[in-house]
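Undergrad: First the structure, which I've put down as C-alpha cells, then a few questions once you've had a look.
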Amino acid sequence: MPAPIYIIEEEKLRRNLALIAGVARRADVEIILAFKAFALWKTFPIFREYISSTTASSLCEARLAMEEFGHKAHTFSPAYTDEEIDMIAACSSHLTFNSLSQYERLHERVGEKVSIGLRVNPEYSEVGTLLYNPCAPGTRFGVTSDKLPEKLPAGVEGFHCHCHCESGADVLQRTLVHIEEKFSRWFPQLKWLNLGGGHLMTRKDYDVDLLVTILQGLHARYPWLKIILEPGSAFAWQTGPLVSHVVDIVEDKGISTAILDVSFTCHMPDCLEMPYFPEVRGAEHVDEALFHSSSQPSHLYRLGGNSCLSGDFMSAWQFDHELQVGEEIIFEDMIHYTTVKTNMFNGISHPAIAMLHADGRLEMLREYGFDDYRSRMD
C-alpha cells in the first residue's frame, strides 16, 4: 500500500500567485506570505517570482524568512522574550509590538534599521468562530484606541491590525469603517498600515475588483501610508490534496468507520479545531444523524484517523460504492494550515510532501521516518 502524501500542484500555486501579484500591482499595495499558513521553503523560488517578502511570528519563522526566502521578515509576536528579541530584530525589516508594555521594555533593542509598529485592536471582527476571532472580548491581541497616547511613542512608524479569517472583500469594507473611526487620527504619524491576513482573494467567489477598489480608496484618503496585506491561506488555497488510504473498516451501533493511514488530529487539525469540513473526492458530506435514521443510505462512513484519540474522526460521508481496504481517500485543499500544524502524536507516520510540477513530474520534497520522531523526544 502506498504511503500517505500531501501533493502541492505547481500550476495551481502559480495561478494563486499571479492573482495575488495582480492585486498588489493594481491596488499599489504590498502582499506578503504569512508563514503561519504555509512555510514549505522548497517552494520559495517560485514565490520569489511573484512576491518579495514574508511575515513571521516567531524566531524560527523570522530565520526562515532571512535564510530561505532571502529577505528580512515583517514580524509580529504576542510577546517577544529577552532571549530572542535581538535575533528576531536582526531577521526583521518590520517588527510589531503587541502591547505598549512590550514596546517600552524592548524597543531600544530593536535597532534603527527596523521599522517599528504597534498592533491595534479595532474591537470589531466578523469571524464567527471564537477560536479564530482576534478581536473577541478579553483578547490578548493589540492595543485599543483608548489606551494610545495622542503622540505615538518614539520610533513607531506603523499600525498592524488583523481582524479576518478566510473573509471576503465586503468584510474588509465594513471592518475598515471601524479601523478608521478608531485609529485614523494617528495615521498622520505613521508610514505604513498592515491590514493583516484572512483576505481570501483566491477563493472562486471572492470579489477581487471590490478589494482593489477598497484599497485604492484607502490610498486616496491616506496617500502617505504604505498598505500591507499578509494572507496565508490565499496563497495555498486549493493547491493540492492529502492522499490517504483505507486500512480497515469497523462497525459499531450501525456506524461504519473507514480507518485511514492519516490522522485528523495529527495531519488535519483544523478539521477538529474549527471545525473545517474538507471535500473528499468522490464523496458527499452528509448529516451525522443519517447513521441513526431508519432509512440510512448505503455506503455511509465515518472517516477515522489512526491515532489513539477517541475523537480522531469526522462524519459523515456518503460514497457511491462500498469502500475497500487499500483504496485511496483523497482530501481536497489540504496544503494551507496543514503541514505547518502537523504533529507526531502517537508516533503516527507523517505523510510525505511532494510537488506536482507543471510538466507532470512529481518531485518528493520531504519524507519522514523514525529519526524525525525520535529527534523530537529527549
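Undergrad: Rounded, prolate or oblate: which fits the range 24-151, taking a ≥ b ≥ c as square roots of the Cα gyration tensor eigenvalues, rounded meaning a/c under 1.5, else prolate when a/b beats b/c?
TA: Oblate, since a/c reaches 1.5 and b/c is not below a/b.
Undergrad: Take the alpha carbon gyration tensor of the range 1-76, find the square roots of its eigenvalues, order them as a ≥ b ≥ c, and report rounded if a/c is under 1.5; if not, report prolate when a/b exceeds b/c, else oblate.
TA: In terms of gyration-tensor shape, oblate.
Undergrad: Considering the options Leu215, Pro45, Thr55, tell which one lies farthest towards the positive end of the dipole of the chain, charges being +1 on Lys and Arg and -1 on Asp and Glu at the Cβ, about the Cα centre.
TA: So the residue furthest toward the plus end is Leu215.
Undergrad: Taking H as built 1.01 Å from N, whose amide H comes closer than 5 Å to the amide H of Asp261, not counting residues under 5 places away?
TA: His245, Val247
Undergrad: Calculate how many DSSP beta bridges within the range 180-308 are antiparallel, expressed in % of all such bridges and rounded to the nearest 5.
TA: Among the beta bridges of the range 180-308, antiparallel pairing accounts for roughly 50 percent.
Undergrad: For the chain, what relative contact order do you get, as a whole percent, if you take Cα pairs closer than 8 Å and at least 6 residues apart?
TA: 19
Undergrad: Give the aspartates and glutamates reachable from Lys341 as a straight Cα distance under 12 Å; neighbours fewer than 8 places away on the same chain don't count.
TA: Asp270, Glu273
Undergrad: Check cross-link reach from Lys191 to the aspartates and glutamates: straight Cα distance under 13 Å, and skip same-chain residues fewer than eight apart.
TA: Glu157
Undergrad: Expressed as a rounded percentage, what relative contact order does the range 1-116 have, with Cα pairs under 8 Å and six or more residues apart?
TA: Computed over the range 1-116, the figure is 17 percent.
Undergrad: How about the range 1-62: which trypsin sites (Lys or Arg not before Pro) there are in a DSSP loop, with at most 16 other Cβ atoms within 10 Å of their Cβ?
TA: Filter output for the range 1-62: Arg48.
Undergrad: Under 5 Å between amide hydrogens, which residues at least 5 positions from Ser115 or on another chain qualify, with H placed 1.01 Å from N in the peptide plane?
TA: The list, which skips near neighbours in sequence, is His94, Leu95.
Undergrad: While we're here: Taking only C-alpha pairs under 8 Å that are 6+ residues apart, what is the relative contact order of the range 153-237 in percent?
TA: It rounds to 38 percent for the range 153-237.
Undergrad: Return the label of the correct value of semi-axes √(5λ) of the Cα gyration tensor in Å, as calculated from the structure shown, out of [x] 37, 30, 16; [y] 40, 23, 21; [z] 52, 28, 18.
TA: Computed from these coordinates, semi-axes √(5λ) of the Cα gyration tensor in Å corresponds to label [y].
Undergrad: Could I ask something else about it? Would the range 121-232 count as rounded, prolate or oblate if I go by the C-alpha gyration tensor, calling it rounded below 1.5 in a/c and otherwise prolate when a/b exceeds b/c, oblate otherwise?
TA: oblate
Undergrad: Go through the range 327-336 residue by residue and turn each phi into a ³J(HN,Hα) via Karplus (6.51, -1.76, 1.60, θ = phi - 60°); whole Hz please, and just put x for glycine and proline.
TA: 6, 6, 10, 10, 8, 6, 6, 10, 9, 7
Undergrad: Would you give the gap between the C-alpha center of the range 16-84 and the C-alpha center of the range 93-147, rounded to a whole Å?
TA: The range 16-84 and the range 93-147 have Cα centres separated by 19 Å.
Undergrad: Report the local net charge at Ile85: Lys and Arg +1, Asp and Glu -1, summed over other residues whose C-beta lies under 11 Å from its C-beta.
TA: Once positives and negatives cancel, what remains is -3.
Undergrad: Let me ask something additional. Suppose we take every Cα in the range 73-128 and form the convex hull; what volume per residue is that in Å³?
TA: In the range 73-128, the Cα hull volume divided by residue count equals 94 Å³.
Undergrad: What number comes out for accessible area per residue over the chain if the probe is 1.4 Å? Units Å², please.
TA: It amounts to 46 Å² per residue over the chain.
Undergrad: Another question, if that's okay. Testing the spin-label approximation: label points 7 Å from Cα along Cα→Cβ at Val250 and Thr139. State their distance in nm.
TA: It is 4.2 nm.
The values are calculated or read from the model by the stated rules, or taken from the named source; none is laboratory data. This is a predicted model, so every value here is computed, not measured. A quick note on method: Cβ atoms are made from the backbone with ideal geometry, for glycine too, and the neighbour counts reach across all protein chains shown. Side chains included, ligands, DNA and RNA excluded: accessible areas come from the protein's heavy atoms. Shrake-Rupley method; radii C 1.70, N 1.55, O 1.52, S 1.80 Å.
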